[in-house]
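My structure is below; once you've seen it, I'll send some questions.
The values are calculated or read from the model by the stated rules, or taken from the named source; none is laboratory data. In this text, all values refer to a predicted model and were calculated from it rather than measured experimentally. With ideal geometry, Cβ positions are generated from the backbone for all residues, glycine too; neighbour counts draw on all protein chains shown.
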Amino acid sequence: MTLLALYNKLYKFYGPQAWWPSETPFETIVGAILTQNTSWKNVEKAIANLKKIGGLSSPLKLDKVSEKRLGRIIRPAGYYNIKAKRLKNFLRFLSSSHGGRLSGISGLDTRKLRHELLNINGIGPETADSILLYAFSRPVFVVDAYTKRIFSRHKFFKEDTSYEEVQRVFTANLPRNSRIYNEYHALIVRLAKDFCKKKAPNCAVCPICPTP
DNA sequence: GACCAGGCACATC
DNA sequence: GATGTGCATGGT
């Protein structure tokens, strides 16, 4: 079974996932940082708190909130001190070299933008790629822990394969299409939550596991 | 109470 | 380059 065939199978099973669940690209970026190693349910609470104070109306507005207060507001998302710092790091990057507006970076070449995002302390490969794909619609495949778990179980690579290598496997075997990358990653997350638990995977009824 | 959740930086070998 | 640890809330 090829990666594209598995994608089609998942898409037929679940249908479109409508990712990223947000109203604006800025909200997507904030969500991408907040969801690091954290369940989306908890992030939703933090996002709701931010919206309540108008913090997501623009990066400039959020940057007016002190790091300490920001930490209290995003508390439900966990790791709130370090995440407040990471949000501030992104906002500082935006204001110091790009006018504090997303329009200052939205026109950058994908490779250059990825490089700049990775230079921000607190933004690693998955967060950078999530931002590129879901906030800026760039054709970049997002790899996460679920991707490694599921596709290593299906023998496409070993569980401990590096981020970049896993990404290469997917991009080399799929059309270079941001819409497909968007749906595929979202479908993987959906599948993992439903059937591919770390401890007790339910392969017997999983839509892409070989039926016995 | 243990385990997990849409990672990342940093220390150490 | 690989491996180990801190960061923290909330659900199962």
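Residues in the range A:150-173: is at least one aliphatic (A, V, I, L, M) and touching a Leu at 6+ places or on another chain (Cβ under 6 Å)? Before you say what the answer is, go through the steps one by one.
To start, the set of residues in the range A:150-173 that are aliphatic (A, V, I, L, M) comprises A:150, A:166, A:169, A:172.
Keeping just the survivors that are touching a Leu at 6+ places or on another chain (Cβ under 6 Å) gives none.
No, there is no match, as no residue in the range A:150-173 is aliphatic (A, V, I, L, M) and touching a Leu at 6+ places or on another chain (Cβ under 6 Å).
Can you list the helices (runs of 4 or more DSSP H) found entirely within the range A:28-140 that contain at least 2 residues being among the aromatic types (Phe, Trp, Tyr)? Give the derivation first.
Details: elements: A:40-52, A:59-62, A:67-73, A:80-98, A:110-118, A:125-130.
Passing ranges, in order: A:80-98.
Same structure again: Among the hydrophobic types (A, V, I, L, M, F, W, C), under 19 Å from A:Ala5 (Cβ atoms), more than 9 Å from DNA strand B (Cβ to nearest atom) and buried (at least 21 other Cβ atoms within 10 Å of the Cβ) - does that describe any residue in the range A:127-145? If you could, list the steps in order and put the result at the bottom.
Filtering the range A:127-145 down to residues among the hydrophobic types (A, V, I, L, M, F, W, C) leaves A:128, A:131-133, A:135-136, A:140-143, A:145.
Remaining after also requiring under 19 Å from A:Ala5 (Cβ atoms): A:141.
Checking the rest, the ones that are also more than 9 Å from DNA strand B (Cβ to nearest atom) come to A:141.
With the extra rule that they be buried (at least 21 other Cβ atoms within 10 Å of the Cβ), the set shrinks to A:141.
Yes: the range A:127-145 contains one or more residues that are among the hydrophobic types (A, V, I, L, M, F, W, C), under 19 Å from A:Ala5 (Cβ atoms), more than 9 Å from DNA strand B (Cβ to nearest atom) and buried (at least 21 other Cβ atoms within 10 Å of the Cβ).
Shifting gears a bit: Can you name the number of the only condition in (1) without any contact (Cβ under 8 Å) to a residue 60 or more places away in the chain; (2) surrounded by 15 or more Cβ atoms within 10 Å (Cβ to Cβ) that A:Lys158 fails?
Of the numbered conditions (1) without any contact (Cβ under 8 Å) to a residue 60 or more places away in the chain; (2) surrounded by 15 or more Cβ atoms within 10 Å (Cβ to Cβ), the odd one out for A:Lys158 is (2).
Any residue that is part of a helix (DSSP H, G or I), touching a helix residue (DSSP H, G or I) at 6+ places or on another chain (Cβ under 6 Å) and surrounded by fewer than 20 Cβ atoms within 10 Å (Cβ to Cβ) - is there at least one of those in the range A:16-23?
In the first step, residues of the range A:16-23 are kept if they are part of a helix (DSSP H, G or I); the result is none.
The answer is no, given that none of the residues of the range A:16-23 is part of a helix (DSSP H, G or I), touching a helix residue (DSSP H, G or I) at 6+ places or on another chain (Cβ under 6 Å) and surrounded by fewer than 20 Cβ atoms within 10 Å (Cβ to Cβ).
Considering each of A:Arg101, A:Arg114, A:Arg92, A:Arg86 in turn, give the residue that is surrounded by 17 or more Cβ atoms within 10 Å (Cβ to Cβ) and either more than 16 Å from DNA strand C (Cβ to nearest atom) or in the same structural domain as A:Leu191 (by TED's automatic domain parsing) (or both). Outline the logic, then answer.
Values: A:Arg101 fails: surrounded by 17 or more Cβ atoms within 10 Å (Cβ to Cβ); A:Arg92 fails: surrounded by 17 or more Cβ atoms within 10 Å (Cβ to Cβ); A:Arg86 fails: either more than 16 Å from DNA strand C (Cβ to nearest atom) or in the same structural domain as A:Leu191 (by TED's automatic domain parsing) (or both).
Only one candidate passes the filter, namely A:Arg114.
On to the next question. Select from the range A:52-74 the residues that are within 21 Å of A:Ser22 (Cα to Cα) and surrounded by fewer than 17 Cβ atoms within 10 Å (Cβ to Cβ) and write down the one among them that is nearest to DNA strand C (Cβ to nearest atom).
Among residues in the range A:52-74 that are within 21 Å of A:Ser22 (Cα to Cα) and surrounded by fewer than 17 Cβ atoms within 10 Å (Cβ to Cβ), the one nearest to DNA strand C (Cβ to nearest atom) is A:Lys52.
Among what's in the range A:182-212 and is outside any helix (DSSP H, G or I) and away from DNA strand B (no atom under 12 Å from the Cβ), pick the residue that is surrounded by the fewest Cβ atoms within 10 Å (Cβ to Cβ). Walk me through how you get there before you give the answer.
Step one: filter the range A:182-212 for residues outside any helix (DSSP H, G or I), giving A:196-202, A:206-212.
Within this subset, residues satisfying the condition of being away from DNA strand B (no atom under 12 Å from the Cβ) are A:202, A:206-212.
Working: A:Asn202: 11, A:Cys206: 16, A:Pro207: 15, A:Ile208: 20, A:Cys209: 17, A:Pro210: 8, A:Thr211: 8, A:Pro212: 5.
This residue is A:Pro212.
With respect to the numbered conditions (1) more than 15 Å from DNA strand B (Cβ to nearest atom); (2) out of contact with any helix residue (DSSP H, G or I) (no Cβ under 6 Å at 6 or more places or on another chain); (3) touching a residue at least 40 places away in the same chain (Cβ under 8 Å), which one is the sole condition not fulfilled by A:Pro59?
(2)
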